[in-house]
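The values are calculated or read from the model by the stated rules, or taken from the named source; none is laboratory data. If you're wondering where the values come from, they're calculated on a predicted model, not measured in any experiment. Note: ideal-geometry Cβ built from the backbone for every residue, glycine included; neighbour counts use all protein chains shown.
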Amino acid sequence: MDLMKPVLGFAKPAWKFFLPLVALTIILGFFSYIAAAVTGLLALYVMYFFRDPNRKTPGIPNSICCPADGKVVSVIEVPCDQMPGGRALRVAIFLNIFNVHVQRVPVSGEVVEVETRKGCFMNAMNEKCSEENERTTVWIDSDFGTVGVRQIAGAIARRIVCAAKAGDVLERGARYGLIQFGSRVELFLPLSATVKVQPGQKVVGGLTCLAVLYEDEVRKGLSKERVEKIQMAIAS
């Protein structure tokens, strides 16, 4: 289920910025060509920023698809109360002002919680921003465990859009949110996940495989029930 279907290839919020800028450009054209050129270029940049191309999710079993375009800045183990054992693998992605900013669902499942917290707006490259900046985290209960995806506001980005709510059943790769004008997206995975990316690597939302859940078990052909027993053992 796509919660944020694009309109003519652009994210819906684009139009509330684009149309007023076009109107202002026309009005300014009667008074100053330079001013009109500036607002016209700004209108074009707005549409470029809000572009929303279709993407094909990776066909790898149990794979976690990338929730956002950008560059991987860190892959670390962190404390996480929502995950079995209170720990998670966190993959952090930095989005610059030229990346596609639509966020996609990393794994199919039911949304069990949407956690929104106010905070500051420090640079999204700073590791402290994960806990101190304004953020929204969606926790998804998948067939192979809990996965969290976090949108974080940055020094420029001051507006997080999240259309997901508790009880929604989402498909991997579907659109669910947007961060306006740069920032950071983080993914929280079980410790059993095999991460397929590394810091410095550029990734593409909905297309890049970030990790695989229970990769060894899948290769061995274990059933879902067997994987669930492994999950319970890890949780205990």
Kindly list the number of the only condition in (1) modelled with pLDDT under 90; (2) not assigned by TED's automatic domain parsing to the domain that holds I152 that fails for A23. (1)
Is it true that G59 is farther than 18 Å from K202 by Cβ and assigned to a loop (DSSP other than H, G, I, E, B)? yes
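E77: of a type in the set (D, E) and closer than 16 Å to D141 by Cα, yes or no?
When the stated conditions are applied, E77 does not pass them.
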Using the structure shown, decide if F121 is more than 16 Å from the chain's Cα centre (by Cα), at pLDDT below 85 and either of a type in the set (F, W, Y) or not assigned by TED's automatic domain parsing to the domain that holds V197 (or both). yes
Assess whether F17 counts as being under 22 Å from S183 (Cβ atoms) and touching a helix residue (DSSP H, G or I) at 6+ places or on another chain (Cβ under 6 Å). yes
Looking at the range 1-46 only, could you name the residues that are surrounded by 14 or more Cβ atoms within 10 Å (Cβ to Cβ) and either charged (D, E, K, R) or assigned to a loop (DSSP other than H, G, I, E, B) (or both)? D2, L3, M4, P6, A11, K12, P13, G29
Taking the range 143-153 and keeping residues in a strand (DSSP E or B) and touching a residue at least 40 places away in the same chain (Cβ under 8 Å) leaves G145, T146, V147, G148, V149, Q151
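Anything in the range 62-89 that is in a loop (DSSP other than H, G, I, E, B) and among the hydrophobic types (A, V, I, L, M, F, W, C)? List them, or say none. Break it down stepwise before answering.
The first filter runs over the range 62-89 and keeps only residues in a loop (DSSP other than H, G, I, E, B), leaving 62, 66-69, 80-83.
Those that are in a loop (DSSP other than H, G, I, E, B) and among the hydrophobic types (A, V, I, L, M, F, W, C): C66, A68, C80, M83.
Can you tell me which residue in the range 182-202 is nearest to P67 (Cα to Cα), limited to those that are part of a strand (DSSP E or B) and charged (D, E, K, R)?
Narrowing the range 182-202 to residues part of a strand (DSSP E or B): 183-189, 194-195, 202.
If we keep only those that are charged (D, E, K, R) as well, we get 184, 186, 202.
On the way: R184: 11, E186: 8, K202: 13 Å.
Residue satisfying both the conditions and the ranking: E186.
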Among the residues that make up the range 177-186, is at least one of them at pLDDT below 75, more than 25 Å from F50 (Cβ to Cβ), in the same structural domain as N96 (by TED's automatic domain parsing) and surrounded by 18 or more Cβ atoms within 10 Å (Cβ to Cβ)? no
Residues of the range 47-80 classified as surrounded by 14 or more Cβ atoms within 10 Å (Cβ to Cβ) and touching a helix residue (DSSP H, G or I) at 6+ places or on another chain (Cβ under 7 Å), total: 4
